[in-house]
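S.K.: A single structure is presented below for examination.
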Amino acid sequence: MPIPVALIAGLHGNARTAAVDRLLRRHPGAVAIHHDLRSIGAGRVERVARDVSGVLDLARVRLPHGCVTCAVREDLLPELLRRAATASLLIVDLWDSVEPRPVAEALAGQEVSERLRLACVHTALDAEHLPVDICRGDRLSETGHAAGRDRRYLAEVLARQIEYATSLSLHGGDAEDTELSAAVLGHLAPHTPIRPGPEITDATLLVGELAERVAPATAQLPADARTGEITTVVWRRLRPLHPGRLFDAMDELVTTTVRSRGRFWLANRHQRMLAWDAVAGAISVEDAGPWLAALPEAAWDLIAPARRAAAALDWNPIIGDRVQHLVLTGPDLDRDRIVSLLDSCLIGRHDALPGAAEWAGLDDPFGPLLDLSESS
């Protein structure tokens, strides 16, 4: 029978340690493994294995390639398999900046899935620091949380740790910190429960379903909401966006909000769904593949059921599943201003029709941001 594995993520070690300790106390025979990645750029990591009684093993591991993926593949997975023979539960205490998704997907690999099963993906958060950190525009390398030469932004990593997890917990701070952090999480991940600590499921968590929770086409995005000073604005429209107007509006949209994400439709890229992902002033725009309406019906059987179900919810008899669906969150947002600004970016009756040849002769400001291979 496969041994359950719990992934515990989070930027702050004190919160992760509290969550890991709770599991160790509640599950006799559990073993936690942590890799200290501060020196991974030099090809070295420190691995600590412990149980409820204390440290079982401390090893300094050399890696031929100084990357997080190498540490997972070349040391974490073999260590988990070695300990699976005697442990009742294996807990992976992920380094500060490690996102749980690639580790979860590594556990689904054929070489380990027969002996290990993913039973928990949990992010532990520091209630005092969360409201500040989700707004910070610093890179990880500027905050002491980087593994090697990591150029990602702290808030970007924190958002992904929150949104991928199937449960969350808050640690530290006072009652006011906890209340504010819970409100923030209610806007960022309203469908994810906040619990005292991680829980182990009897069923194996499927990485495909976890990926669908955050994929642009299938994510359960937050709804319109206001909690104290925190506001979430949902913008949905059925007309395409003018690329130049949207590009000019991006700076204001990103800098006046803390977190924004969703899917959108540009008039000059009629066949492609685009993904919007912004946090703390940094934005990523990516090609998320074709709209289902752009595919021949014969190809739909090859599309995942969750993708087809999401498209059905958006389906329009004329434009299919093409839609503007952006969600923007921040303190004291001017809802009317955001909606008005986005509405002003839609094409009007004097603009070329979506996908028309006239768009090819116009400047495409999104071109440098996108790798639009026609494969999905």
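S.K.: Answer yes if at least one residue in region 192-212 is part of a loop (DSSP other than H, G, I, E, B), touching an Asp or Glu at 6+ places or on another chain (Cβ under 7 Å) and within 25 Å of Ile230 (Cα to Cα), and no otherwise.
M.R.: From region 192-212, those part of a loop (DSSP other than H, G, I, E, B) are 192-193, 195-206; that's our starting set.
From the residues that got through so far, the ones that are touching an Asp or Glu at 6+ places or on another chain (Cβ under 7 Å) too are none.
No, every residue in region 192-212 fails to be part of a loop (DSSP other than H, G, I, E, B), touching an Asp or Glu at 6+ places or on another chain (Cβ under 7 Å) and within 25 Å of Ile230 (Cα to Cα).
S.K.: Being of a type outside the set (Phe, Trp, Tyr) and open to solvent by less than 10 Å² (accessible area, probe 1.4 Å) is true for just one of Ala146, Ala106, Ala85, Ala155. Which residue is that? Lay out the reasoning, then the answer.
M.R.: Numbers: Ala146 fails: open to solvent by less than 10 Å² (accessible area, probe 1.4 Å); Ala106 fails: open to solvent by less than 10 Å² (accessible area, probe 1.4 Å); Ala85 fails: open to solvent by less than 10 Å² (accessible area, probe 1.4 Å).
From the options Ala146, Ala106, Ala85, Ala155, the qualifying one is Ala155.
S.K.: Of all residues in region 309-325, which are touching an Asp or Glu at 6+ places or on another chain (Cβ under 9 Å), closer than 17 Å to Arg213 by Cβ and either surrounded by fewer than 17 Cβ atoms within 10 Å (Cβ to Cβ) or aromatic (Phe, Trp, Tyr) (or both)? Explain how you work it out, then say what you get.
M.R.: First pass over region 309-325, keeping only residues touching an Asp or Glu at 6+ places or on another chain (Cβ under 9 Å): 310-315, 320-323, 325.
Okay, now just the ones that are also closer than 17 Å to Arg213 by Cβ, so 310-311, 313, 325.
The one that is touching an Asp or Glu at 6+ places or on another chain (Cβ under 9 Å), closer than 17 Å to Arg213 by Cβ and either surrounded by fewer than 17 Cβ atoms within 10 Å (Cβ to Cβ) or aromatic (Phe, Trp, Tyr) (or both): Leu313.
S.K.: Mind checking which residues of region 252-274 are among the β-branched types (Val, Ile, Thr) and without any contact (Cβ under 8 Å) to a residue 60 or more places away in the chain?
M.R.: Residues of region 252-274 that are among the β-branched types (Val, Ile, Thr), as a first pass: 254-258.
Result: Val254, Thr255.
S.K.: Show the residue pairs meeting these rules: Cβ distance below 7 Å; 6+ apart or different chains; first residue within region 220-231 and small (Gly, Ala, Ser); second residue assigned to a strand (DSSP E or B).
M.R.: These pairs meet every condition: Ala223/Val234; Ala225/Thr232.
S.K.: Can I ask one more? From the list Ile318, Ile303, which one is free of Cβ contacts under 8 Å to residues at least 12 places away in the same chain, at negative phi and touching a helix residue (DSSP H, G or I) at 6+ places or on another chain (Cβ under 7 Å)? Break it down into steps so the answer makes sense when it comes.
M.R.: Numbers: Ile318 fails: touching a helix residue (DSSP H, G or I) at 6+ places or on another chain (Cβ under 7 Å).
Residue meeting the stated conditions: Ile303.
S.K.: Search region 117-142 for residues that are over 20 Å from Tyr164 (Cα atoms) and pair each with any residue that is in a strand (DSSP E or B) when their beta-carbon atoms are under 6 Å apart and the residues are at least 6 apart or on different chains.
M.R.: Arg139/Tyr153
S.K.: Further question on the same structure: Out of the residues in region 16-36 that are in contact with a helix residue (DSSP H, G or I) (Cβ under 9 Å, 6 or more places away or on another chain) and modelled with pLDDT of 95 or more, which is most open to solvent (accessible area, probe 1.4 Å)?
M.R.: Start the filter on region 16-36 by keeping residues that are in contact with a helix residue (DSSP H, G or I) (Cβ under 9 Å, 6 or more places away or on another chain), which leaves 30-35.
Now drop any that are not modelled with pLDDT of 95 or more, which leaves 30-34.
Details: Ala30: 3, Val31: 15, Ala32: 3, Ile33: 2, His34: 39 Å².
Per the stated criteria, the residue is His34.
The values are calculated or read from the model by the stated rules, or taken from the named source; none is laboratory data. Because the structure is a prediction, the values reported are computed rather than measured. Using ideal geometry, Cβ is built from the backbone for each residue, glycine included, and neighbour counts are taken over all protein chains shown. SASA here: full protein model, heavy atoms, side chains in, ligands and nucleic acids out. Shrake-Rupley method; radii C 1.70, N 1.55, O 1.52, S 1.80 Å.
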